[in-house]
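Here the structure comes first, spelled out in structure tokens, and everything after it is commentary.
The values are calculated or read from the model by the stated rules, or taken from the named source; none is laboratory data. The structure presented is a predicted model; accordingly, all values stated were derived computationally and were not measured. As a convention, Cβ positions derive from the backbone with ideal geometry for all residues, glycine included, and neighbour counts pool all protein chains shown. Protein only, heavy atoms only, side chains kept; ligands, DNA and RNA dropped before computing areas. Shrake-Rupley method; radii C 1.70, N 1.55, O 1.52, S 1.80 Å.
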Amino acid sequence: MKNKEEFMQIAIDLAQENVARGEGGPFAAIIVRHGEIIATGKNSVTRLNDPTAHAEVTAIRNACTNLNTYQLTDCDIYSSCEPCPMCLGAIYWSRPKALYFAADKNDAAKAGFDDAFIYEEIKLANDKRQIKTQQINIADKTKPFDLWDKSPLKLDY
């Protein structure tokens, strides 16, 4: 059975392979369950023209498809780099046991991938953000939640 460092090396190798093949940014992630890799993901933002095609999100999507579930409660995620805010959110929503990463956000910033501004924007009030962010209050704004709460198809997640 592989140890944490060996799984991390696999993620780093996938990230390097992604760069060498010109398939996307220098990021990769793997998802491990009971000592077995069940999914991988590599950054393919530029190849797919998809700003959400980060390694961790891709790995989560692949793992959930492979396991036929929307929660990865008995899995560990290994990422070649500390996840950005979007990926961190996806990781929390998928509920793994653990997250491990190699390079950190400062290493990523040195290579031109600086997510610090997003972390700062999240802290700001809506009217102080760089992207105009405004709530529009209409009478039906909570109707979808009311329907969800009463739905016999409701699944807690």
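Just checking, does the range 146-157 include any residue being touching a helix residue (DSSP H, G or I) at 6+ places or on another chain (Cβ under 9 Å) and closer than 30 Å to Glu6 by Cβ? No: the range 146-157 contains no residue that is touching a helix residue (DSSP H, G or I) at 6+ places or on another chain (Cβ under 9 Å) and closer than 30 Å to Glu6 by Cβ. The residue of the range 17-39 that is farthest from Ala111 (Cα to Cα), among those that are touching a helix residue (DSSP H, G or I) at 6+ places or on another chain (Cβ under 6 Å) and free of Cβ contacts under 8 Å to residues at least 40 places away in the same chain, is Ile38. Quick one: is Ile37 under 20 Å from Lys2 (Cα atoms), of a type in the set (Val, Ile, Thr) and modelled with pLDDT of 95 or more? So Ile37 fits the description; yes. Quick check on my filter: what residues within the range 116-157 are more than 22 Å from Tyr70 (Cα to Cα), in a helix (DSSP H, G or I) and not charged (D, E, K, R)? Ala116, Phe117, Ile118, Tyr119, Ile122, Asn126, listed by residue number. Looking only at the range 74-126, residues that are open to solvent by less than 30 Å² (accessible area, probe 1.4 Å), farther than 24 Å from Arg33 by Cα and among the polar types (S, T, N, Q) come to 0 in all.
Of the residues making up the range 127-146, just one is within 25 Å of Ser94 (Cβ to Cβ) and open to solvent by 100 Å² or more (accessible area, probe 1.4 Å), namely Phe145. Restricting attention to the range 89-115, the residues that are outside any loop (DSSP other than H, G, I, E, B) and within 16 Å of the chain's Cα centre (by Cα) total 14. Taking the range 9-40 as the range and being part of a strand (DSSP E or B) and within 19 Å of the chain's Cα centre (by Cα) as the test, the residues that pass are Ala28, Ala29, Ile30, Ile31, Val32, Arg33, Ile37, Ile38, Ala39, Thr40.
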